[in-house]
Amino acid sequence: MADAVANAQTYTHIEETAAEAPTPSAQKRIVGITACPTGVAHTFMAAEAVEEEAKAQGMWVKIETRGSVGAKNQLTAEEIAAADLVFIGADIEVDMSRFDGKRVYRTSTGAALKKTKEELAKAFAEADVYKHGGAKADTANKQERTGAYKHLMTGVSHMLPLVVAGGLCIALSFVFGIEAFKEQGTLAALDGNRRRQCLRTDGTRTGGIYCLLNC
């Protein structure tokens, strides 16, 4: 006991500062809207490009698309409130009242699609706090387009890839089959022979056209 008393030292408590305490890494959160005049191709392509680039950089992201059939992947009030940045890639006017007080960056759908990485970097560097001047829109009373128009535009959106593929097939047919009529025994050659026979049978212009349409 005597040795313990002799060797005892005064204890000084050192408090850990807040800087020394481990802090979890905060994940950046982005919400946004993409919209183009037709609402068919660029709207969805730009949204996909922004989502892929943001996820590649480790961010949380959700993009609302304003297409020809209305709003898809709609943002909630909670998601907007928790977002660090609002990214608007639009070539038309969109309702901005929901983003009052948030940091907003606006660009075109073309830039968001072709220069996604650069636009995201500019968004965090140049975004300004948005102050909505007009009356807030009553979103509860807004309704999406319904009926024949909605079904028509949905069909257009789904048929667009098929139309492009059909155009490519026609182009390839001209490349490889433009002189198919020279090959005897083919349908193109048979059709060509019939047309020439019609022209020899009736040399008049009116009669020749009638013959060609009916041969």
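Can you tell me which residue within the range 61-83, out of those that are touching a helix residue (DSSP H, G or I) at 6+ places or on another chain (Cβ under 8 Å) and more than 30 Å from L152 (Cβ to Cβ), is surrounded by the fewest Cβ atoms within 10 Å (Cβ to Cβ)?
Looking at residues that are touching a helix residue (DSSP H, G or I) at 6+ places or on another chain (Cβ under 8 Å) and more than 30 Å from L152 (Cβ to Cβ), I get A77.
Which members of the range 128-160 meet the condition of being surrounded by 14 or more Cβ atoms within 10 Å (Cβ to Cβ) and modelled with pLDDT of 90 or more?
Once the filter is applied, which keeps residues that are surrounded by 14 or more Cβ atoms within 10 Å (Cβ to Cβ) and modelled with pLDDT of 90 or more, the range 128-160 yields only Y130.
Quick test for you: out of A41, A46, pick the one residue that is touching a residue at least 60 places away in the same chain (Cβ under 8 Å), buried (at least 19 other Cβ atoms within 10 Å of the Cβ) and under 22 Å from V156 (Cβ atoms).
It is A46.
For V69, state whether it is on the phi < 0 side of the Ramachandran plot, at pLDDT below 90 and among the aliphatic types (A, V, I, L, M).
The answer is yes for V69.
The values are calculated or read from the model by the stated rules, or taken from the named source; none is laboratory data. None of these values were measured; they are calculated from a predicted model. Heads up, the Cβs are rebuilt from the backbone with ideal geometry, glycines too, and the neighbour counts pull from every protein chain shown.
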